[in-house]
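The values are calculated or read from the model by the stated rules, or taken from the named source; none is laboratory data. Keep in mind it's a predicted model, so treat the numbers as computed, not measured. Neighbour counts run over all protein chains shown; Cβ positions are idealised from the backbone, glycine included.
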Amino acid sequence: MPARRKILWLSHFLPYPPKGGAQIRSYNLIKELSSYHDVHLFCIADKSKLKAYFSDVDEGAKEAEERLGKYSKRLAIQWLPKRSSMSKYFILLRSLFLLDSYSVTLLRDLDVSQLIAFAQEIDFDFVHLDTVALTPYIKYLSARAINLNHHNIESDMMFRRAEKEGNPIKSFIFKLDAIKIRRIEKMSAKHLCNHIVCSELDKKRLKNILPSANISTIENGIDIRKDILDATETKERKGALFIGGLDWYPNADAVSFILSEVWPLVIKENQSATLDIVGKNPAAELKDLARKYEGVNLHGFVDDISYFYGTRKFFICPIRDGGGTKLKILDAMANFIPVLAHPIAFEGIDASPEIHYFAASNAEEFAEQIKRINNLSEDSLKKMMKRAFLLIKEKYDYKEIGERLANLYS
């Protein structure tokens, strides 16, 4: 058991509710880490983000403070000023003429007095920066060691987005932002003791940028439902399921791909095919696409998704962009539902096609795999689901992952 340390965890988003990738990772790591060390949590957060999860934003903020306070020795939340869409647009324009990336520019005018007071009140053993956008605040921090967490390798992800973007103006903006993010990644490295990544693949990507850096892999994970193997039947399940916040571009791209390219092929074979899409903040274009199909239901945000996992035939995830490890994949596998996905969706996850999941790379392959899944026997599906579940239980349970992070901070 490591000696109990004092850790300043600095986040530029609110890690609650644990309903999205970064939020799930941070919330669960804070929760598990607090069993071994004293976590002092300082969040720089946008209160308006809570609108997607709570009808009353102030009540949501209060709940977040109560829940995060359970795992924090001290907790402070500095709410960002309200910004209109036009204001964010001007920040984007401003970032084009600065050396800072867009994510850093968003925080550029922040009053840091509250953070400085919080950071100087305790003699910390470690500082945990939860994203690269926070590295400009290193100059205000002192500790035995400063570590940087990478939810994904942000410059790598932005370069990939620029390459795939069809609009040349957007592609230029994304590429410029990627160059700026990479500059920050390189410049901040000299101040950091360790980098924490989600997978061995991300470790390799970061090594290409920072060859001499110390990099530790602390995987994404989930809370495992121990009873799920005995609680799930597959005979009566019907339809496809996608879950993911639709204001995150890789998810929006995946759903657009399903609806515009895959689903026309599916209903040509099976007019009664159904698809449920669960995710907050769908754009108007996605709503319009979904309305074209009688069997497609766009649900928006749903607080408890266990009903969908228990009643749908398979989980479809044609994510072709983004970085890190896809928590939606881990969650689906842990909830005993077959997964059909693009290989990119499984990046960083130690799973094999045909052993743990079904794979497809284009619309025709997805349509063929959907037909195949619907025709497979219950026994065949259950065998794959069980292998997937046991993989998650063995490698991606947050209790064990949290203990590894605690050892890193010993």
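Remarks
- Here D38, D56, D100 are screened, and the one residue that is among the acidic types (D, E) and more than 30 Å from T217 (Cα to Cα) is D56.
- Of note, K207 satisfies the criterion of being modelled with pLDDT of 95 or more and more than 23 Å from Y137 (Cα to Cα).
- If you check L241, L259, L246 for being crowded, with 20+ Cβ neighbours inside 10 Å, in a loop (DSSP other than H, G, I, E, B) and not small (G, A, S), only one passes: L246.
- Qualifying positions in region 108-142 - crowded, with 19+ Cβ neighbours inside 10 Å and among the small types (G, A, S): A119, A133
- Among residues of region 32-53, those that are in contact with a helix residue (DSSP H, G or I) (Cβ under 7 Å, 6 or more places away or on another chain) and crowded, with 18+ Cβ neighbours inside 10 Å, counted: 9
- The set of residues from region 292-313 being of a type outside the set (F, W, Y) and either within 20 Å of the chain's Cα centre (by Cα) or closer than 21 Å to S55 by Cβ (or both) comprises L298, H299, G300, V302, D303, D304, I305, S306.
- Whenever a residue of region 121-136 is small (G, A, S), its partners that are surrounded by fewer than 20 Cβ atoms within 10 Å (Cβ to Cβ) and part of a helix (DSSP H, G or I), lying with C-beta atoms within less than 9 angstrom and at least six residues away or across chains, give the pairs A133/S103.
- Among (1) charged (D, E, K, R); (2) closer than 17 Å to A332 by Cβ; (3) touching a residue at least 12 places away in the same chain (Cβ under 8 Å) - the single one E269 does not satisfy: (2)
- Positions within region 169-221 being closer than 21 Å to R144 by Cβ and in a helix (DSSP H, G or I), in sequence order: S188, A189, K190, H191
- With respect to (1) in contact (Cβ under 8 Å) with a residue 12 or more places away in the chain; (2) in contact with a Leu (Cβ under 9 Å, 6 or more places away or on another chain), the lone exception for Y53 is condition (2).
- Here A359, A406 are screened, and the one residue that is without any contact (Cβ under 8 Å) to a residue 24 or more places away in the chain, buried (at least 16 other Cβ atoms within 10 Å of the Cβ) and within 23 Å of the chain's Cα centre (by Cα) is A359.
- Some residue of region 171-192 being β-branched (V, I, T), at pLDDT below 95 and more than 24 Å from the chain's Cα centre (by Cα): no
- R5, sole failed condition from (1) touching a residue at least 60 places away in the same chain (Cβ under 8 Å); (2) closer than 23 Å to H150 by Cβ; (3) out of contact with any Asp or Glu (no Cβ under 8 Å at 6 or more places or on another chain); (4) of a type outside the set (G, A, S): (3)
- Filter result for D276 (of a type in the set (D, E, K, R) and farther than 29 Å from T131 by Cα): yes
- Residue in region 73-82 that is farther than 30 Å from D397 by Cα, modelled with pLDDT under 95 and more than 23 Å from the chain's Cα centre (by Cα) present: yes
- Sole exception among (1) crowded, with 22+ Cβ neighbours inside 10 Å; (2) β-branched (V, I, T); (3) within 20 Å of the chain's Cα centre (by Cα) for I370, by number: (3)
- A search for C-beta distances below 8 Å between a residue of region 198-216 that is in the same structural domain as I181 (by TED's automatic domain parsing) and any residue that is part of a helix (DSSP H, G or I) and of a type in the set (S, T, Y), counting only pairs 6+ apart in sequence or on different chains, returns I209/S155.
- Positions within region 174-191 being buried (at least 19 other Cβ atoms within 10 Å of the Cβ) and either among the hydrophobic types (A, V, I, L, M, F, W, C) or free of Cβ contacts under 8 Å to residues at least 12 places away in the same chain (or both), in sequence order: F174, A178, I181, I184
- Positions within region 68-79 being surrounded by 16 or more Cβ atoms within 10 Å (Cβ to Cβ), not small (G, A, S) and not in a strand (DSSP E or B), in sequence order: L68, Y71
- S95 vs. criteria over 19 Å from the mean Cα position of the chain (by Cα) and buried (at least 17 other Cβ atoms within 10 Å of the Cβ): yes
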